[in-house]
Structures are given as C-alpha cells and as structure tokens.
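In what follows, a single structure is set out as structure tokens and then discussed.
Read the figures in this text as sums done on the coordinates, not as results from a lab. Nothing here was measured: the structure is a model prediction, and the numbers come from that model. Neighbour counts run over all protein chains shown; Cβ positions are idealised from the backbone, glycine included.
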Amino acid sequence: MPFVRCMAVLTIVCWYYPAAAQQAAGTAAVDNPITESESQAAEIKVLISELAASSDLVAIARVAYTNYEYRRGFAVDGYADLQILIPYKTETVVDRVRVRESGLHSGECYFPPTFPSQEGARFLVFLSRHPDGDYRGNPVTCKLGVLVTDRHGYAIRYPLDGKARLTVEQQDWIEDINFNDPNAFAGSAEMTPGRKAALAEQIDGIVTEQGVKYTKGLPVTRFSQLIGQENILRPSREGRY
C-alpha cells in the first residue's frame with residue numbers, strides 16, 4: 001500500500017511512496033534503456049556538408065519502389081529502390097540504387113511506401129555503398145525532403161528533417177517558396193483545426209484542406225554550397241557504415 005511520511009520544519013515536507021508506481025517506472029526503464037550518451041547524441045545536429053563528407057553517395061533521388069516488411073504499421077526490414085536524378089558525389093555513374101535497412105533504431109533509413117505506378121517522393125540522400133553491393137543510409141540523417149517548386153525546380157523543404165542544421169549564413173538562404181508537389185503537405189486532411197493550426201505554427205506553413213503546406217525551403221541553386229565543394233565528386237570508400 002502507498003504511504004505518506006511528513007516532517008514539519010517551518011513548512012511541511014512530504015514523501016509519497018507508491019510502490020506500484022515505482023515498480024512501473026523500473027519496468028519502463030528496462031523497456032527503454034536510454035543511456036546518457038544516447039540522450040546527448042540525440043540532441044547533436046550536423047551541417048549538410050558534414051553529412052556529405054561522411055557519405056559515399058550524395059544525390060537528389062526519387063523513390064521508385066519500396067519492399068518493406070511491416071509490424072504494427074512500422075517498416076522493420078527491406079529495401080527501397082531509388083532513381084538518381086542529380087548526383088553530387090558518387091564513385092561511379094549510377095542511375096538507380098538500392099538502399100537496405102533492418103530494424104528500428106535512431107539511425108534508420110526507411111522511405112515512404114511506393115509502388116512502380118506512383119510518383120515517388122524526392123530526397124537529397126546521404127548513402128554509403130555496403131560490401132554486399134547495395135547501399136545503407138547515413139546513420140545521422142540519410143535523407144532531406146526535396147520538393148518541386150511552381151517554377152519546376154527543386155528545393156529542400158524547411159524546417160530540415162532529422163539531425164541536419166544550417167549555419168547562421170545558410171539560414172539567410174531560406175526562401176518563401178510556392179511548392180507544386182503532392183508531398184508538400186504535413187499532417188492530413190483529417191486533423192482537427194486546432195492540430196492543423198499548431199502544426200502550421202511549428203513548420204511556418206499554411207493550413208489547407210489537404211493538411212499543412214510547407215512554405216519555405218532552400219532552392220537547388222544552393223545545394224552545391226550546402227554540400228560543400230570539397231565534398232562533391234570525391235572518390236567513394238565502401239562500407240563506411
């Protein structure tokens with residue numbers, strides 16, 4: 001049974017010992033063993049140039065097909081085939097790559113479910129060739145969402161995905177952009193007005209019937225600078241991660 005112990009020293013100080021609550025907390029700690037180092041690592045963000053430097057393949061790619069195993073609605077194993085649209089850093093000329101992933105972890109690299117008949121989403125990807133011949137995603141951040149603009153160009157949507165960040169100078173490159181892309185929406189049409197409003201404030205977007213539309217991004221003319229000239233077209237090193 002829970003009990004309360006109090007001590008009067010000018011003010012009353014009480015200790016509450018709910019045994020069941022303590023037991024539940026201990027169980028939760030076992031089920032979710034997050035160490036201090038993991039917690040600190042989760043807060044670290046890196047520049048796009050740093051992602052590029054630690055990757056073998058950097059490119060704008062379109063998801064052509066995914067073949068994943070799902071559990072409780074989450075992808076847990078399988079691969080994605082990507083069509084390379086604009087390569088920035090690559091060992092050889094490639095027009096299609098396969099990215100494999102397995103398990104649920106902080107550095108997972110799964111792509112939106114896509115079938116051959118669909119127009120897949122586009123990303124700026126950071127990959128490494130694995131000894132098995134396929135690719136793996138950069139464990140820090142393997143992809144940044146890329147959207148088509150109303151001028152038929154590409155732009156990295158902002159806010160950035162994953163653990164990527166910008167320098168103070170690069171933040172000045174962010175532009176108001178009118179995206180003409182079905183993937184330019186966060187959330188869904190079924191969200192309540194209140195949740196849409198909160199999400200719109202979070203991503204600086206606008207509320208629409210389809211969800212919340214992104215309105216800011218980094219145009220493709222800035223990609224080379226973001227990636228870093230020293231990281232473009234460098235020889236690949238297989239099996240980084």
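Considering only region 90-144, how many residues are β-branched (Val, Ile, Thr), crowded, with 16+ Cβ neighbours inside 10 Å and farther than 21 Å from Ser54 by Cβ?
1
Of the residues that sit in region 58-84 and are free of Cβ contacts under 8 Å to residues at least 40 places away in the same chain and in contact with a Lys or Arg (Cβ under 8 Å, 6 or more places away or on another chain), which one is surrounded by the most Cβ atoms within 10 Å (Cβ to Cβ)? Please lay out each step first, then the result.
Quick first cut of region 58-84, residues free of Cβ contacts under 8 Å to residues at least 40 places away in the same chain only: 67, 69-78, 80-81, 83-84.
After this cut, where a residue has to be in contact with a Lys or Arg (Cβ under 8 Å, 6 or more places away or on another chain) as well, the list is 78, 80-81, 83-84.
Values: Gly78: 16, Ala80: 28, Asp81: 20, Gln83: 17, Ile84: 17.
Checking each candidate, the answer is Ala80.
Could you tell me which numbered condition Ser117 fails, if it satisfies all but one of (1) under 18 Å from the mean Cα position of the chain (by Cα); (2) closer than 25 Å to His152 by Cβ; (3) of a type outside the set (Phe, Trp, Tyr)?
Result: Ser117 fails condition (1) only.
Exactly one of (1) of a type outside the set (S, T, N, Q); (2) farther than 29 Å from Leu57 by Cα; (3) part of a helix (DSSP H, G or I) is unmet by Met191. Its number?
Failing condition for Met191: (3).
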